Amino acid sequence: MKILLIGASGTIGSAVAKELEQRHEVLRIGRSSGDYQVDISDSASIRRLFEQTGRFDALVCAAGNVTFAPLDEMNAEHFALGLSDKLMGQVNLLLIGREFINDGGSFTFTSGILNRDPIRSGASASLVNGALDAFVKAAAIELPRGLRVNSISPNVLVEAMPAYAPYFRGFKPVPAADVALAYAKSVEGMQTGQTYQVG
Ligand SMILES: NC(=O)c1ccc[n+]([C@@H]2O[C@H](COP(=O)([O-])OP(=O)(O)OC[C@H]3O[C@@H](n4cnc5c(N)ncnc54)[C@H](OP(=O)(O)O)[C@@H]3O)[C@@H](O)[C@H]2O)c1
């Protein structure tokens with residue numbers, strides 16, 4: 001398969017690349033790194049990406065920014081980042097990407113544990129993650145041509161704990177390699193409309 005991997009240099013993306021590159025052609029995509037560049041918060045940038053890559057069989061997005069801040073310090077602008085980047089960025093990857101994806105292809109998006117298990121300063125992440133999982137469930141029943149869509153909802157990663165540990169006390173982190181298996185299941189399996197919780 002020809003697979004577009006957005007966020008390929010990241011904590012999750014690099015593990016997904018390692019898993020999928022064993023069996024597939026993986027195009028590594030980042031905001032500033034990789035074989036191709038895209039800013040998922042910009043629809044024109046997304047369209048330019050697909051015009052450069054050409055048609056593909058699967059798209060994986062392991063990218064998406066949100067603001068982490070205590071709720072009593074947040075205003076609408078703080079939420080706007082998560083809405084335009086992690087949420088609508090991934091929704092737009094499907095809305096625009098469906099013009100370029102081959103029959104039977106799949107979209108795999110990244111949400112996260114925080115809508116199920118919230119933390120302090122995580123309100124925007126929780127909101128966006130819940131919306132993404134809901135979008136995947138709904139979009140799957142309307143996609144034509146055998147297209148599929150799933151989301152991966154990981155716990156905090158072992159590899160992210162050096163930076164994230166103070167925010168995730170009591171959470172049991174999951175290795176990136178285990179998270180990568182859920183992406184492989186989404187891309188290489190047959191299920192659709194699913195959210196795979198890892199850890
Ligand atoms: N790390 C965790 O423990 C964890 C757990 C659950 C969920 N998640 C979610 O998983 C996603 C990825 O997390 P991560 O920790 O793997 O991230 P990361 O290590 O910070 O890597 C982010 C990757 O995404 C790319 N990127 C960032 N903003 C982008 C944009 N606007 N458009 C296109 N590409 C962009 C970066 O490209 P450049 O390198 O070129 O800048 C990089 O390749 C996030 O949505 C996060 O909330 C992470």
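Tell me, please, whether a residue that is farther than 19 Å from Ala8 by Cβ and part of a loop (DSSP other than H, G, I, E, B) can be found in the stretch 77-96.
Checked the stretch 77-96: no residue is farther than 19 Å from Ala8 by Cβ and part of a loop (DSSP other than H, G, I, E, B).
Say we look at the stretch 134-174 and pick out the residues that are part of a helix (DSSP H, G or I), closer than 18 Å to Met190 by Cα and in contact with a strand residue (DSSP E or B) (Cβ under 9 Å, 6 or more places away or on another chain); which of these is most open to solvent (accessible area, probe 1.4 Å)?
Lys137
Somewhere in the stretch 99-115, is a residue in a helix (DSSP H, G or I), crowded, with 17+ Cβ neighbours inside 10 Å and without any contact (Cβ under 8 Å) to a residue 60 or more places away in the chain?
Looking only at the stretch 99-115, we keep the residues that are in a helix (DSSP H, G or I), and these are 113-115.
Among the residues that remain, those that are also crowded, with 17+ Cβ neighbours inside 10 Å are: 113-115.
Add one more test, that the residue is without any contact (Cβ under 8 Å) to a residue 60 or more places away in the chain, and what stays is 114-115.
Yes, some residue in the stretch 99-115 is in a helix (DSSP H, G or I), crowded, with 17+ Cβ neighbours inside 10 Å and without any contact (Cβ under 8 Å) to a residue 60 or more places away in the chain.
Going residue by residue through the stretch 84-93, is there one that turns out to be more than 12 Å from the ligand (Cβ to nearest atom) and among the basic types (Lys, Arg)?
no
For the subset of the stretch 45-60 comprising residues that are within 13 Å of the ligand (Cβ to nearest atom) and farther than 26 Å from Gly189 by Cα, which member is most open to solvent (accessible area, probe 1.4 Å)?
Arg48
How many residues, within the stretch 21-76, are in a loop (DSSP other than H, G, I, E, B), without any contact (Cβ under 8 Å) to a residue 24 or more places away in the chain and among the small types (Gly, Ala, Ser)?
Of the residues in that region, 1 qualify.
Checking the conditions here, which among Gly130, Gly199 is open to solvent by 20 Å² or more (accessible area, probe 1.4 Å), within 21 Å of Val60 (Cβ to Cβ) and within 11 Å of the ligand (Cβ to nearest atom)? Spell out the reasoning first.
Numbers: Gly130 fails: within 11 Å of the ligand (Cβ to nearest atom).
The unique qualifying residue is Gly199.
The values are calculated or read from the model by the stated rules, or taken from the named source; none is laboratory data. Here the structure is a predicted model, which means the values were calculated and not measured. All Cβ positions, even for glycine, are placed from backbone atoms using ideal geometry, and neighbour counts span all protein chains on display. Calculation scope for accessible area: heavy atoms of the full protein, side chains included, ligands and nucleic acids excluded. Shrake-Rupley method; radii C 1.70, N 1.55, O 1.52, S 1.80 Å.
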